[in-house]
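Shown next, in structure tokens, is the structure this report addresses.
No value in this document is a laboratory result; all are computed from the given coordinates. As the structure is a computational prediction, the values presented were derived from the model and not from experiment. Cβ sites come from the backbone with ideal geometry, for glycine too, and all protein chains shown count toward neighbours.
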């Protein structure tokens, strides 16, 4: 739902309705997110660096939706006319500044850490750059350790698929699995490609490449530990956790998991979209079958009524 701003109506300009929402200019360029809200102005934290901020009047807001705010002014105007150094004099009367020699340095450091944390939390671009750095470290560690993915799983999948498909499609499946095996065998290089995709904001593709390169994720790690503990193989679970925490390959896997968790795409994960598509089709199929059943029941009821009318007439 989108609310359009009326100059006489400021009901939607509440602090908690504006705070941390993404801000777009009138020419559809993302400027950043709302860092602070004042009675007449908002401070916008830049999408690309926590060092750059803009001060924009609330009257410049054109519309507001659940996640986004759109301004009436262009990105050029915001960046060149409403930068924080030019506009901060407007905000000084609104603040009460108290400084003491004993707390000034600590306060500045705390503020810097808070700004960095907030930027990473609410700026998709900065989160993906951090994810790219972590994935890059993971890829380098994979190359150093010489880790290679176990590709037995791919061939098991290939065997099961070929048993249930006509022979004219076998070559396509075999070629596809072979390509996956080659990519997964590259190990660290595949993860480095995923890091590059994170840096380019191609998050879903980056997650896919890193997943293929590592062969493991948070789900498979948790599943393996739970499986060993469930069957009483505590020593195996302990050895696996120790391997993850102490070896170069294990740490690289953990770094890859963190990188995929930190990254944030514009849309939902491809896997989640596939699951939703399957469930949506099932729901549609079940509703259509219930409609068919009800229609069949209606037709049978009408048929029985017609038969009864014929018998009464006779």
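Highest mean first, how do 215-224, 184-193 rank when packing is the count of other Cβ atoms within 10 Å averaged over residues?
184-193, 215-224
Label points 7 Å out from Cα along the Cβ direction at residue 222 and residue 104: separation in nm?
It works out to 4.9 nm between the two label points.
With an 8 Å Cα cut-off and a minimum separation of 6 or more residues, compute the relative contact order for region 26-80 in percent.
It comes to 30 percent, rounded to a whole number.
Mind jotting down the distance between the C-alpha centroids of region 206-269 and region 119-142, whole Å?
17 Å
Taking the simple approach of a point 7 Å from Cα along Cα-to-Cβ for both residue 26 and residue 189, what is their distance in nm?
For the pair residue 26/residue 189, the computed spacing is 5.1 nm.
Could you sort 67-78, 225-236 so that the peptide with the highest average Cβ count within 10 Å comes first and the rest follow in order? List each step's numbers first, then the result.
Details: 67-78: 17.0, 225-236: 12.1.
So the order, starting with the most tightly packed, is 67-78, 225-236.
Run the numbers for residue 86 and residue 181: contour at 0.36 nm per residue of separation, minus the present Cα-Cα distance, in nm.
Contour length minus Cα-Cα distance gives 28.6 nm.
Using a Förster distance of 51 Å, how high is the FRET efficiency between residue 51 and residue 167, based on the Cβ-Cβ distance and rounded to 0.05?
0.25
Quick one: length gained pulling residue 247 to residue 65 fully straight, 0.36 nm per residue minus the C-alpha distance?
Details: separation 182, 0.36 × 182 = 65.52 nm, distance 4.73 nm.
Extending this stretch completely gives an extra 60.8 nm.
Between residue 234 and residue 151, what FRET efficiency comes out of the Förster formula 1/(1 + (r/R0)^6) with R0 = 30 Å and r the beta carbon distance, rounded to 0.05?
0.55
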